[in-house]
Every structure is written in structure tokens, then in C-alpha cells.
1. Order these peptides, 295-303, 229-237, by their mean beta-carbon neighbour count within 10 angstrom, highest first.
2. What are the DSSP H helices in the chain that stretch 24 Å or more along their long axis, judged by alpha-carbon atoms, and whose average Kyte-Doolittle hydropathy comes to at least -0.5?
3. Net charge near L223: determine it from the other residues with C-beta under 13 Å of the C-beta of L223, scoring Lys and Arg +1 and Asp and Glu -1.
4. What is the antiparallel percent of DSSP beta bridges lying wholly in the chain, to the nearest 5?
5. Using a 1.4 angstrom probe on heavy atoms only, work out the carbon and sulfur share of the accessible area of the chain in %.
6. Sum up the charges of everything whose Cβ sits under 15 Å from the Cβ of G44, counting Lys and Arg as +1 and Asp and Glu as -1, but leave G44 out.
7. Distance between the C-alpha centers of the range 65-130 and the range 184-249? Whole Å please.
8. Please list S286, S120 in order of solvent-accessible area, largest first, computed with a 1.4 Å probe with all protein chains present.
Amino acid sequence: HRAPLGGVLVRWVRGVAVQLAVWLLAAALLLVAARAGGVMAALGAVLLLQLALAEGRVPMARRIARLPWVPVPARVRQLAQQAGIAPERLRLVEADDEGFVGGWSGIRPRTLVVPAQWLSLPDAALLAILRRRQLIAASGAHLRGVLGAVAWNTLGAAVVIALTGARVESAAGVLTVAAGMTLWAFAGVLLLPTPSRAAVFAVDALAARDGAAAPLAEALSPLDRWQDDEPHRSPGVEAVFHPVPAVGVRLARLGAGGGAPVERPAHLLAHHLARHALWLGWGTLSPLSRLVHCNVGRPVLWAMLPGD
């Protein structure tokens, strides 16, 4: 939807101010750690910063953008219980961007954020989506996504320092790391979507068992319209830039409309690896988390990027 330019600018400036504050804190911690213990201490600071961002994803999202809590209706609490989610773990938010999908917060999934817009879905479709979110948590896919992203970014910091010889105990060294991590994050944008798509397919297949494919398929189409509104993409574009597969491909995998039968994966991969790596890149001074095609200029999507 369209919003007045003044309001858009105010929201953008708020988000940029929060990111700048995080960057300044990260730079200061890197300097202090490097001066106290050298490169290994600096890498330890990078690791701890990312873990703190992962653990505080919801509080940070609400500081970056206006995301007011709204009461959880009895209907939604009942559906959450049917999906295996304790209602007290559920938080319903009113987002001013229809692309907001929420998600789990915490290194281990603790709080599930759901956009109030999803209440317009039929009960069966909303139940299927909530059940899918529960499986992401229970299977360990969320944890693997977070820890995989932390490992990717920490490895990147080590590679950048080693290749550039940056002295992180100086301001120039910190800026060198920031520049190098921006390139590393871009490499992640190209490489990490492939395992991320595999995880989406795996979760879809697991959620579609026991006759739930039809209501899940019913939910996927409106969720796609509220986000990319791009049900079909060329294989080349999707392979490089999109960690969430086109909804047309997902529906075919689910067997909707006479497509392929539901697959039953032996295991789940790292869920949202690519997008966790972007968000946690705030701890490495990389700006790419708010400059990718799905969320540029949209602060409400900087900590909780669009997803499946």
C-alpha cells in the first residue's frame, strides 16, 4: 500500500538511527576486544554480538520500526494450541507493511510473532501456517538457521582479517572489516539462498503430511501476494537471489493442482539461513541487511525479513 512520503521518511530515519547506534556499539566492542586480546578476542566479540542480536530479535525489530502488540483473539489462541504452540509464546503485531511475516525470536525459538493481517486467513489455512511454524521450531530448523548464520558471518570476519591484515584495534582496521564484511555478505546473498530454499521445501513437505497439503496451499498464495507477488520466476534468477522459492514451485511440490506428490524429508536443513545471516550482519557492520530487494527502504522488514 502507499503511504505519505513524510511518514515513510520518518520511519526510515528511525530505522537508520537504530542501526547506526548498533554499528557504533559494535565498532566500540571490536576496538576494545582487539586491544585487550587481539584478533581472537575481536572474533569473539563478533560472535557474541550476533548471538545478542539473535536473542533480541523481537525487541530490536520493535525499536527499528513501530510494531505495536495487539490482543490475541480467542480464535487464534485456540488455533495455536491445535498447532502445538503454547498461546503464551504467541505475539500478535500490527505492522504497517503487508510484507511483514514475523517469525521466531531467540537463538532457541522462544517467542513467535504473527502479523495481525494473517487473521484474514480462513481457520484451516491459518492453522496450517501456525503448525508449519511450530515444526520449524520443534525440528531444530530455526536453531540450525541461526547458528549457521552466526558461523557464516564469524568465518567471514576471520577471512577478512586474514586477507587484509586489518589491525582491528584501530579505527581504520574496523572500517576495513566493515568493508570486507559487506563483500562477504554479498557473497552470502549469492550462495546461501540454495540451502535456504531446500529448508523451505523440507518444512513444507513435513507440514503437508496427514492431509494438510490443501490448507497449506490455500495459505501460501495470499502470503505471496502480500510479499513479492511473484508466483513464478526463471530458474536462474531464483537460484541466485531468492532464498524463498516461488510459490508456484512450492505448490507443485505440495501436489496442489495435480502436481508432484508430497515429499517426506529425512531431515530438515537450516531454515532462513540466508536471511538470518543478513540480519545478524548488523554485528559485523555490514549494511546489506537493509539493502536487499525485499526490504530496501522498509524498516519494518530489517530485523524480520520477508520469508515463508
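The values are calculated or read from the model by the stated rules, or taken from the named source; none is laboratory data. All figures in this text were calculated on a predicted structure; none of them were measured in a lab. Cβ placement follows ideal geometry from the backbone for every residue including glycine, while neighbour counts extend to all protein chains displayed. Protein only, heavy atoms only, side chains kept; ligands, DNA and RNA dropped before computing areas. Shrake-Rupley method; radii C 1.70, N 1.55, O 1.52, S 1.80 Å.
1. 295-303, 229-237
2. Those that pass (Cα extent of 24 Å or more, hydropathy at least -0.5) are 5-55, 141-164, 171-191.
3. Overall, the nearby charge balance is -4.
4. Counting DSSP beta bridges with both partners in the chain, the antiparallel share is about 55 percent.
5. Exposed carbon and sulfur together represent 65 percent of the surface.
6. 0
7. That distance is 20 Å.
8. From most exposed to least exposed: S120, S286.
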